[in-house]
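See below for the structure under consideration.
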Amino acid sequence: MGEIALVALAGMVFGVAGTGVGALLGVAVGMPSPRALACLLSLTGGLMIALACFKMLPNAYALSAPMGMAGMLMGVVATLALDALLRRRMRIVQRTQASEEEGLARAGLMVAAGSALHNLPEGLAVGSGCAQAPALGFALAAMILLHDVPEGMAAALPLRASGVGAVRALAMTAASGVPAGVGAAAGLVLGGVSPDMLALCMGLAGGTVLQVAAEELIPRAEALESFWGSSLCLTLGVALGSAVSLIV
């Protein structure tokens, strides 16, 4: 029980720290330049792709190729469905807003809700990684922290612009990192049931991480600013992630 609580706490701390730091930066200094944000997103996307392809998925397939593949497909499909649902809800919010302030507040809440939903399966990746090797879980938790920083900015800025107080905006945004702790505990418990279940969890987490990077982070970076620095950061992210995969 102590190990489960510790992993859950670690997952929650990393999730809350990522969104909290992003919100604090957004409230204190505003959104960084498009180039800086594109570089951060590309670097994080490269790290996520490398860890999924060079560590999480190979480990899942080594434990049980059928279960690992099934988990990977489940993670991809679940992420696609979740993103489609969030986009649909955002379009509805934009059509039904009563004022500019209300629209900004709803947009900030939708970003925070999306971050919370993403943090649940990403926390599962942390727990599954810890079930196999603590160092892998730590590396995945650090990756989630980086991923959550721009999401924290994107949630806090419209909340502040709508008139929400700074402390409340920070608290609301940071709270979206809490589900990472729930996911981490679930990943650790399920991953300890059997090698087949660990393969399923690792595959699901790997598919989720891979799809988030391919569908959300890299396209968003290109949309913000398509320049050589963004591509370089993506390459560096993959290179760094592959090196980390060998270490952990």
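The values are calculated or read from the model by the stated rules, or taken from the named source; none is laboratory data. Owing to the predicted nature of the structure, the values given are computational and were not obtained by experimental measurement. Counting neighbours? That spans all protein chains shown, and the Cβs are built from the backbone with ideal geometry, glycine included.
Filtering MET56, MET31, MET48 for residues that are more than 19 Å from LEU136 (Cα to Cα) and aliphatic (A, V, I, L, M) leaves a single hit, MET31. Close contacts from the stretch 106-128, counting a first residue that is within 15 Å of GLY191 (Cβ to Cβ) and free of Cβ contacts under 8 Å to residues at least 40 places away in the same chain and a second that is buried (at least 24 other Cβ atoms within 10 Å of the Cβ) and aromatic (Phe, Trp, Tyr), with Cβ to Cβ under 7 Å and a gap of 6+ residues or different chains, come to none at all. Across the stretch 196-209, the qualifying residues are those that are among the hydrophobic types (A, V, I, L, M, F, W, C) and over 20 Å from HIS118 (Cβ atoms), and the one among them that is surrounded by the fewest Cβ atoms within 10 Å (Cβ to Cβ) is MET197.
Every residue, every condition in (1) at pLDDT 85 or above; (2) farther than 17 Å from ALA17 by Cβ; (3) of a type in the set (Lys, Arg), yes or no:
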{"position": "PRO150", "(1), (2), (3)": "no, no, no"}
{"position": "ALA174", "(1), (2), (3)": "yes, no, no"}
{"position": "GLY181", "(1), (2), (3)": "yes, no, no"}
{"position": "LEU210", "(1), (2), (3)": "yes, yes, no"}
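Of the residues making up the stretch 129-141, those that are surrounded by fewer than 16 Cβ atoms within 10 Å (Cβ to Cβ) and among the hydrophobic types (A, V, I, L, M, F, W, C) are ALA133, ALA135. Comparison of VAL193, VAL189, VAL178 shows that the only residue that is more than 11 Å from the chain's Cα centre (by Cα), more than 27 Å from ALA243 (Cα to Cα), without any contact (Cβ under 8 Å) to a residue 40 or more places away in the chain and surrounded by fewer than 24 Cβ atoms within 10 Å (Cβ to Cβ) is VAL193. Do you know which of the residues in the stretch 60-88 that are small (Gly, Ala, Ser), in contact with a Pro (Cβ under 8 Å, 6 or more places away or on another chain) and part of a helix (DSSP H, G or I) is surrounded by the most Cβ atoms within 10 Å (Cβ to Cβ)? Restricting to residues being small (Gly, Ala, Ser), in contact with a Pro (Cβ under 8 Å, 6 or more places away or on another chain) and part of a helix (DSSP H, G or I), the top hit is GLY75.
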